[in-house]
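The structure under discussion appears below in the form of structure tokens.
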Amino acid sequence: MTSVLSSAAGRAAIVYSSVTGNTRRIAEALAEASGDALLDVREASDLPDVEVLALGFWVRRGQPDEASQAVWRRLSGKSVFYFGTLGAWPTSPHAGRCREAAERMLRENGNRCLGGFLCQGRVNPRMVELSARKGTHPLTEERRARLAEAARHPDAADCAAAAAAWLAARKTGFSDG
């Protein structure tokens, strides 16, 4: 972890959680655009002491995954931009509830939310199979179409939009600090 963080300018860092590689791809796009340190949440025993953080997660049950939440609970008084990936349409009511959950969790410890970014990402096929078997999310035609579209993301346009949102949030975080 030290080598990853020592290469950063020290003002901002990107910490992410990823299972299928979707969120990692967005995190890498943010790092490439900004030059900020990139850290997998599994390596985040000590969080970087920076002014602005980007926190990436994958959505599970309508909120950030548990590994991300564990890191978020340790944050207090930080300026934070969140980004995440989910199987649902990013403009759906479900995505709206995911945004609300992320922002609420960040603000609970007195963090300042600089905004966020959500995009679709491929859903782990084991999760699709498990939820279909349980009957919680049957494989309707609409769901099949959404999962097929999600499998094509994040794409280059998603990465560019996420990077632009991160750069704007960073600027706000530094100028208002």
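Each value in this text was obtained by applying a stated rule to the coordinates, not by laboratory testing. Because the structure is predicted, anything quoted here is derived from the model rather than measured. Please note: Cβ atoms are built from the backbone with ideal geometry, for glycine as well, and neighbour counts cover all protein chains shown.
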Loop-resident trypsin sites (Lys or Arg not before Pro) in segment 106-177 with no more than 15 other Cβ atoms inside 10 Å, DSSP not H/G/I/E/B, are 152
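Please give the net charge around residue 44, taking every other residue with its beta carbon less than 13 angstrom from that of residue 44, where Lys and Arg add +1 and Asp and Glu add -1. Don't skip to the end; give the middle numbers.
On the way: positive: 42, 73, 74; negative: 40, 43, 46, 49.
So the surrounding residues net to -1.
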At R0 = 41 Å, how high is the FRET efficiency between residue 174 and residue 97 if r is their beta carbon distance? Nearest 0.05 is fine. 0.85
Over the chain: Rg over Rh, Cα atoms, Kirkwood Rh: 0.98
Between 26, 84, 15, whose Cα lies farthest towards the positive end of the dipole of the chain when Lys and Arg beta carbons carry +1 and Asp and Glu beta carbons carry -1, centred on the Cα centre? 84
If each residue's Cβ is checked for other Cβ atoms within 10 Å, how do 52, 19 rank with the fewest at the top? 19, 52
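If you place +1 on the Cβ of every Lys and Arg and -1 on the Cβ of every Asp and Glu, how big does the dipole about the Cα centre of segment 1-157 come out, in debye to the nearest 20?
In total the dipole reaches around 580 debye.
Select from the chain the helices, each a whole stretch of DSSP H, whose alpha-carbon atoms run 18 Å or more along the helix axis and whose Kyte-Doolittle mean is at least -1.0; answer none if there are none. Each step should come with its number before you reach the end.
Working: long enough: 22-34 (19 Å, -0.42); 93-108 (22 Å, -1.26); 156-176 (30 Å, 0.42).
Both cut-offs are met by 22-34, 156-176.
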Percent antiparallel among DSSP beta bridges with both residues in the chain, to the nearest 5? 10 percent
Using +1 at the C-beta of Lys and Arg and -1 at the C-beta of Asp and Glu, which of 163, 71, 136 has the Cα lying farthest in the positive direction of the dipole of the chain? 136
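Quick check on the chain: helices-only [θ] at 222 nm, where DSSP H runs of length 4 and up contribute -39,500 (n - 2.57) each and the sum goes over total residues. Nearest 500, please. Can you show the working numbers first?
Working: 7 runs with 82 residues, N = 177.
Helix-only estimate at 222 nm: -14500 deg cm²/dmol.
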Cα centroid distance between segment 23-43 and segment 102-159, in Å? 19 Å
